[in-house]
Structures are given as C-alpha cells and as structure tokens.
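The values are calculated or read from the model by the stated rules, or taken from the named source; none is laboratory data. Predicted, not measured: the structure shown is a model, and the values here were computed from it. Heads up, the Cβs are rebuilt from the backbone with ideal geometry, glycines too, and the neighbour counts pull from every protein chain shown.
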Amino acid sequence: MKKFLNYSFYLSLLVLALTFTSCQDEFEQLPEEDGLEAIAATSSTAQLVERTVSNDGSFDNIVDGTSCFNVKLPYSVEVNGLELTINSYEDLHLIEEIFDAIEDDDDILEIIFPITITLADYAEVTINGIDDLREIAQKCREGGDDDDIECIDFVYPITVYTFDLNNQETGNVTVESDRDLRRFFEGLDDNDLIGIDFPVTLKLYDGTTMVVDSNAELAMAIENAKEMCDEDDDNDHNDDDFTKERLDNYLVECPWLIHEVERDTQLQSDQYFEYVMNFMEDGTVKVKDRQGNSLMGAWSTRMSDRGVLLKLEFDVLVDFTLEWIVYEIGEGRIKLYAEGGNKIIMKRGCDIINDDPTALREILKECSWIIKKVKVDGEEIKRLLGFEFKFMPEGVVTLSHGDIVSEGSWEITTNDQGRLVMAITMGQEPGVSFVWPLSDLRHDRLRFEIPGTDYELILQRDCEGNDDGDVPEIRNVMMAGDWMVAHYSEGDIDQTDVFAAYTFGFGAEHVLSATLGETGPALLGSWRILRNSDGYLKVYLNLGDQDPLGELTDDWKFVSITADRIELKDISGGDGTISTLVFEKK
C-alpha cells in the first residue's frame with residue numbers, strides 16, 4: 001500500500017485508500033540504469049503482474065469446483081453413471097449436456113483418480129483421491145473466486161531483467177507466454193529486484209490494445225482493467241448455455257435496442273443505432289426506427305448442433321434478414337453472429353421503453369444530479385463537468401456552477417419510439433438544451449444519447465446527507481488550507497511549471513479558486529467529491545475557460561491522500577495517456 005505521510009492524523013484514510021484502485025507501491029522510485037525502472041519482486045506492481053499471468057483454472061469448474069487450479073488433460077470422470085474421457089475443453093460441454101438432459105434429477109460427477117492438477121503458478125501436483133483434492137480446493141476463496149486477473153493480458157515477447165541491491169543488472173530473459181513469466185516470478189527471492197523492458201503492449205478483454213511505458217502506467221492499466229469483465233469464476237456451469245425456451249421468453253419479455261450491426265464485414269451501426277425491436281409471442285417482430293416508423297417482420301428459433309438459432313425475416317430490413325447463431329445472452333444483452341462477418345448486438349430496454357414517465361420524474365426530483373459528461377456533435381464540453389442540476393416541481397430546473405445559477409425548464413415524456421426522453425431548455429446554456437432520449441437507467445446514474453448523432457449526457461446522482469464516510473472526510477482535508485501543484489504530467493511530459501505560480505483553495509459551496517501569486521487575480525471555478533456508479537471516489541475540478549492548460553478540468557481518480565498531499569490520476573484520454581496531478585499543502 002502506498003505509504004501515507006501522516007498515519008497518526010489520518011489513519012482512518014488507510015481504509016479509504018483501499019477503494020481508490022491506487023497503484024500503491026509501484027510508484028517507489030529506485031535507481032535507474034539504461035532507462036529501466038527497477039522494482040522489488042514483492043512490490044504491488046510485481047504482484048499485479050504475477051496475478052495477470054497466473055493460470056486461470058475457472059474453465060473446468062464443473063469438474064473441480066474451483067478456479068484456483070484446473071485438472072490436466074486427459075482424465076476420466078463418471079457423470080450420472082456414464083464414464084467420459086475428457087480430452088479437450090470442448091468435452092466439458094458433454095458433462096453439461098448430461099446434467100441438463102433431465103432437469104429434476106440429482107447430478108453426480110465423480111473423478112477417476114489419480115489426476116494431475118495445474119496450480120496458479122503452473123506447478124503440477126498429482127492427486128490420488130477426493131479428500132486430497134478437497135483439501136487443496138478449500139484454500140481457494142469461497143465461491144470459487146481466485147486471485148488471477150483475466151480482463152487484461154500481455155502481448156509477447158517481453159524481456160525482463162534482474163538486478164542486485166546495488167541496481168546492477170544480473171541477468172535477463174525473454175518470455176513468450178504467461179507460463180514463462182509466471183514461472184520467472186516463482187523463481188525470485190523476496191529481496192530480488194526486477195525490471196521490464198518497456199514499452200509493453202496489453203490486450204484488454206474486448207480485444208482492444210494499449211501500450212504502457214513505465215511501471216506506474218502498467219500498474220494503473222491492470223488496476224483499472226481488473227474489474228471490467230466477468231471472469232466467470234463462479235461454479236454455475238449453466239451461465240453460458242441456454243435453451244430455446246429460455247431465449248424465446250427472454251426475447252418477448254422486453255423491447256430491445258439495436259446497439260451494433262455488422263453485415264458482410266461492413267459496420268452498419270450508425271444506420272440502425274437504437275432502433276427499437278419488439279418480439280411478439282405470435283412470431284411477429286415490430287421494429288421502430290428513430291422517426292417512430294414501424295417495420296414488421298417475423299422471427300423464429302430452433303435448436304441446432306451449433307446451439308440455438310434465431311431466424312429474422314424482413315421485407316425492408318435486409319441487413320437483419322438472416323438465420324443467426326445466438327452466441328451469448330445475459331447482462332441485459334443478446335449477441336447474434338453469422339459466418340461471413342455478420343453480427344448484431346441488442347441491449348435490453350425494459351426500463352427506458354414504454355415505461356411510465358412518472359417514475360423517472362420522481363427519481364430526478366429526489367436528489368441533485370452532477371454532469372459527468374456532455375458531448376455535443378462529437379465534442380466533449382469539459383467546461384460543464386461537475387455542474388449541478390436540480391430538477392424541481394412545476395417543470396423548473398436549475399444548473400449551478402459554484403455560486404453561478406441558471407434556470408430553465410424540463411419535462412419527461414415519451415417519443416415516437418416509445419422511449420423515455422428528457423427535454424431540457426436552458427436559455428443561458430445551449431450545451432444541454434436538447435430532447436435527450438434515455439439510454440441507460442441506474443439508481444445512481446442516468447445516461448442519455450441522441451440516436452444517430454454524437455450527442456451524449458451522463459448524470460451522476462448526488463444526494464445531500466447520503467455521503468459515505470469517506471466523502472466528507474476527504475472534503476474536510478481538502479478544505480483545510482491552501483494547496484499548490486507539486487506535480488502535473490501528461491504521460492512523460494512534465495508541465496508542473498505551468499501551475500507553479502498558483503495557490504489553490506477548495507472552498508465552501510463547491511467553489512474552487514486558483515490565485516496567481518500572493519495578491520494576483522483569482523480564477524474561480526467549482527469542485528466536488530463523489531463516489532461514482534462504479535464505486536470509485538472522484539474529485540471533479542472545473543476552471544472552465546480559465547484553466548491554465550485546459551487539462552486540469554476533469555474528473556480525477558484518487559490514488560492517495562494525507563493531511564499534506566493529494567495524488568490524483570486520470571486515464572480518460574482517448575489515446576490512453578495517463579495524467580498525474582499532485583497537490584501539496586502550502
């Protein structure tokens with residue numbers, strides 16, 4: 001854990017720091033040689049790397065009930081009295097088919113011993129009986145969870161170095177796989193120092209890649225990616241399969257919004273984005289375009305040796321007319337696939353289509369709502385970041401920034417598609433004056449998008465008096481005195497000097513001031529602290545057009561905080577650049 005400068009005064013913030021997804025000890029600065037940053041083998045950065053390259057044993061949980069290891073192929077099992085030899089990953093689906101053949105029977109799986117298991121560090125252990133297997137499995141976390149990080153992977157080859165305590169290089173090795181890198185870590189002692197030859201390419205769970213150039217960037221990338229996907233570490237083997245009946249019921253339960261369309265390798269998402277699709281029990285399907293026009297078609301499903309297939313037939317929507325493989329359902333989405341570069345992703349719209357506007361009106365009036373993001377015609381309007389909406393009765397809405405308040409009108413209704421929309425008219429602020437269709441509804445976050453355009457509005461709920469204990473504690477620290485920027489950098493570019501002459505004050509009523517020199521003019525803006533819908537603590541800073549660099553205005557994630565020092569990070573840049581902002585008490 002990154003060490004705080006004053007434990008005795010802010011010891012309680014140690015618990016708070018655990019929620020900041022900080023890069024922790026990876027920021028320790030050791031002597032460098034030839035551009036390599038040496039870190040201890042026991043540092044938090046090294047531990048993050050070790051977890052990322054650990055063996056993932058979750059794919060065969062149906063057999064061993066744990067994600068901490070997997071059973072080495074081949075091996076034999078007896079499933080409901082039928083003996084099977086498991087030679088490949090695909091053979092595990094045979095076990096599922098036997099379990100699912102009769103819904104009300106007792107599913108019994110017995111492993112035929114001896115077997116060999118592969119642990120997280122890729123070491124292999126021979127197991128001679130069920131008691132030995134259970135003893136090792138009990139060391140895993142309850143529920144089958146494990147320590148490995150699966151949402152981000154290294155792209156190989158990678159060269160790693162070892163150093164002695166004098167920071168002299170003692171060796172290097174080029175690794176070609178997770179197994180090689182994990183076994184490299186396993187051979188290190190606690191006092192060993194290691195270095196990685198940057199830049200390193202990382203691949204995220206969704207197939208996108210990013211390049212990191214330092215230990216700090218590597219740790220931040222892993223920290224921010226590790227909770228971004230479902231690692232499927234539970235023991236529910238049925239969460240990735242489904243019956244025809246389940247799909248049929250799922251389709252007709254709610255309307256669906258088209259999120260992505262690809263036909264014959266050509267992306268067509270802009271043309272069909274957020275069309276509304278309603279599946280009827282009689283086999284008809286009604287699609288409403290963004291103008292509210294209805295397009296009728298037919299749908300049907302059938303089982304095949306490739307799983308459940310969904311057939312769509314339209315006279316007009318030829319890009320949808322195909323028999324699709326349903327390769328994933330769940331988490332409010334259905335993903336369809338067909339050979340030849342064809343794909344459709346649909347998003348469930350139960351709460352935002354054909355719903356009662358009254359419920360959304362009441363949600364908006366309950367608390368204040370902070371602008372987390374505004375995009376107008378593809379351009380993000382950062383000067384509105386952190387502004388506060390208050391939706392009041394009789395259609396009155398205020399938008400405040402520090403002590404500046406504007407007033408306008410608002411209404412919740414439905415559009416021609418049957419979607420909930422929020423109409424805002426704010427004469428003094430045209431950046432928010434639109435009819436915004438609701439795209440995503442959560443209890444603490446609302447997202448609005450205008451289909452077919454690059455207009456977006458995201459609001460974060462802020463209820464007075466409902467802060468968790470961390471928010472007021474941090475707020476008190478920041479308001480206790482004046483601050484200076486001790487460090488500001490964008491990637492490798494240090495721009496601390498730009499802020500050297502400014503004194504920053506975090507005042508009451510969310511007023512942010514930046515005073516030039518001792519008696520110079522003060523730039524006024526706003527600041528506030530929120531825990532966002534993902535559970536991260538953020539500080540919103542906004543100096544608007546007065547921002548000396550134009551980059552201080554942003555929503556920053558806390559790394560650490562003490563009575564005298566605040567460290568913040570931002571990785572929201574489109575190019576993946578990590579910005580670092582450090583305030584120190586003046």
TODO: Look through G491, G507, G481 and report the one residue that is surrounded by fewer than 19 Cβ atoms within 10 Å (Cβ to Cβ) and in contact with an Asp or Glu (Cβ under 8 Å, 6 or more places away or on another chain).
DONE: G491
TODO: Filter the range 267-322 down to the residues that are touching an Asp or Glu at 6+ places or on another chain (Cβ under 8 Å), closer than 21 Å to S439 by Cα and among the basic types (K, R), then identify the one that is modelled with the lowest pLDDT.
DONE: R290
Task: Matching residues, the range 242-270, being without any contact (Cβ under 8 Å) to a residue 60 or more places away in the chain and either closer than 17 Å to K343 by Cα or not charged (D, E, K, R) (or both) - done: N249, V252, L267, Q268, S269
TODO: Check the range 396-412 and report whether any residue there is of a type outside the set (S, T, N, Q), outside the structural domain of N293 (by TED's automatic domain parsing), touching a residue at least 24 places away in the same chain (Cβ under 8 Å) and at positive phi.
DONE: yes
- [ ] Determine whether M346 is of a type in the set (A, V, I, L, M, F, W, C), surrounded by fewer than 19 Cβ atoms within 10 Å (Cβ to Cβ), assigned to a strand (DSSP E or B) and in contact with a strand residue (DSSP E or B) (Cβ under 8 Å, 6 or more places away or on another chain).
- [x] no
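Identify all residues within the range 215-228 that are polar (S, T, N, Q) and either assigned to a strand (DSSP E or B) or under 23 Å from K538 (Cβ atoms) (or both); write none if there are none. Working first, answer last.
Of all residues in the range 215-228, those polar (S, T, N, Q) come to 215, 224.
Hit for the range 215-228 is N224, nothing else.
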- [ ] Any residue in the range 542-570 that's within 21 Å of E388 (Cα to Cα): show its pairings with residues that are in a strand (DSSP E or B) and among the aromatic types (F, W, Y) at Cβ separation under 6 Å, as long as the two are six or more apart or on different chains.
- [x] D555/Y540
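Quick check on this structure: which one of G386, G395 is surrounded by 15 or more Cβ atoms within 10 Å (Cβ to Cβ) and not hydroxyl-bearing (S, T, Y)? Can you show your working first?
Numbers: G395 fails: surrounded by 15 or more Cβ atoms within 10 Å (Cβ to Cβ).
Only one candidate passes the filter, namely G386.
Condition first: out of contact with any Lys or Arg (no Cβ under 7 Å at 6 or more places or on another chain) and on the phi > 0 side of the Ramachandran plot. Now tell me which residues in the range 491-541 satisfy that.
At the first step, the residues of the range 491-541 found to be out of contact with any Lys or Arg (no Cβ under 7 Å at 6 or more places or on another chain) are 491-502, 504-509, 511-528, 531, 534-535, 539, 541.
Once the filter is applied, which keeps residues that are out of contact with any Lys or Arg (no Cβ under 7 Å at 6 or more places or on another chain) and on the phi > 0 side of the Ramachandran plot, the range 491-541 yields G491, E509, G517, G535.
Restricting attention to the range 523-538, and to residues there that are more than 21 Å from V405 (Cα to Cα) and modelled with pLDDT of 80 or more, which single residue is surrounded by the most Cβ atoms within 10 Å (Cβ to Cβ)?
K538
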